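Engineer: Structure below; questions to follow.
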Amino acid sequence: MRDIVLALAAPLLICAGGIYAACDGWWRRRHPAPDPRSHAGRRIVAERAVADAEAIVADRYAILAEAERSAARLGGQQ
């Protein structure tokens, strides 16, 4: 039984990969990315960069605040 499953797994994976590639190509043809050299493309890239930076800074401040609370708790116990 295990041999049959292994024998059928390879063609199944190949077919699934082909279907995924076809659907991905269809999606990208109908939803093209903006040209990064255009004004809109540069604006979108800049907005994503700012959002990523804000998320990183917020995460680091949360880690710092948690470390300060932990240090205050440890300092109060001594």
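Engineer: Taking region 48-78 as the region of interest, how many residues are open to solvent by less than 100 Å² (accessible area, probe 1.4 Å) and either touching a Cys at 6+ places or on another chain (Cβ under 9 Å) or not hydrophobic (A, V, I, L, M, F, W, C) (or both)?
Structural biologist: Going through region 48-78 one residue at a time, the tally reaches 6.
Engineer: Then there's this: With respect to ILE4, determine if the residue is open to solvent by 60 Å² or more (accessible area, probe 1.4 Å) and modelled with pLDDT of 90 or more.
Structural biologist: no
The values are calculated or read from the model by the stated rules, or taken from the named source; none is laboratory data. It should be emphasised that the depicted structure is a prediction, and the values quoted were computed from it without experimental measurement. Cβ: placed from backbone, ideal geometry, glycine included. Neighbour counts: every protein chain shown. We work out accessible area using only protein heavy atoms, side chains counted, and drop any ligands, DNA or RNA first. Shrake-Rupley method; radii C 1.70, N 1.55, O 1.52, S 1.80 Å.
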